């Protein structure tokens, strides 16, 4: 069984890493939007933590999710985590509870850290928006989880004791049609 970690930076047993930037743990350097290097149905599982928000909601997001679905085996699972815009917006407007530096940190979680040319967010997603994009791409059986239990990464991040990620498991139908 092959499993693909899109946007990963750490090696984990059983996972191949695809990243736009080369690194010691990166197996495949490439663009998450274009997986032509992989045949249809290559992967049983795909994991993407804090990747989807980098895709333009107008043209790229559904197209990319369809591409991910193409390289997934029928019945495969997608584990997707995004910054939870609803949770972050709630944190941001709680001015009395956060100082300006903490609010600035929340703003960076919403819009990206701007550490390199890829670290910019162009979509804000809540549960309804993410579900709509996943369903439009053909995924089924969506369910929100607090943790995937797969990687210690941003999908499990807490800020002031509050989880900042929306974590969803989606399935590729057995019949990819």
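A short reminder: the numbers here are calculations on the coordinates, not readings from a lab. Remember, it's a predicted structure, so these values are computed and weren't measured experimentally.
Table for the structure above
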quantity: Size of segment 1-104 as Cα extents on the principal axes (Å, biggest first); calculated: 51, 32, 22
quantity: Evaluated over segment 56-133, the Cα radius of gyration and Dmax, each in Å; calculated: 15.3, 49
quantity: Length released on extending from residue 63 to residue 21, taking residue separation times 0.36 nm less the Cα-Cα span; calculated: 13.0 nm
quantity: Global geometry of segment 109-154, whether rounded, prolate or oblate, following the gyration tensor of its Cα atoms and the 1.5 cut on a/c; calculated: oblate
quantity: Debye-sum result for segment 3-42 in log10 I(q)/I(0), which assumes one identical scatterer on each alpha carbon, at q = 0.25, 0.27 Å⁻¹; calculated: -0.80, -0.91
quantity: GNM top mover of 19, 141, 167 - the chain, alpha-carbon springs below 10 Å; calculated: 141
quantity: Geometric extent, Cα atoms of segment 91-177 - Rg, Dmax (angstrom); calculated: 15.7, 51
quantity: CD proxy at 222 nm, helix term only [per DSSP H run n ≥ 4: -39500 (n - 2.57); per residue of the chain; nearest 500]; calculated: -7000 deg cm²/dmol
quantity: Antiparallel bridge percentage (DSSP; both residues within the chain; nearest 5); calculated: 45
quantity: Distance between segment 1-38 and segment 47-123 - C-alpha centres, whole angstrom; calculated: 18
quantity: Alpha carbon convex hull of the chain, volume per residue in cubic angstrom; calculated: 114
quantity: Potential lengthening between residue 33 and residue 140 on full extension [0.36 nm per residue; Cα-Cα distance subtracted]; calculated: 36.5 nm
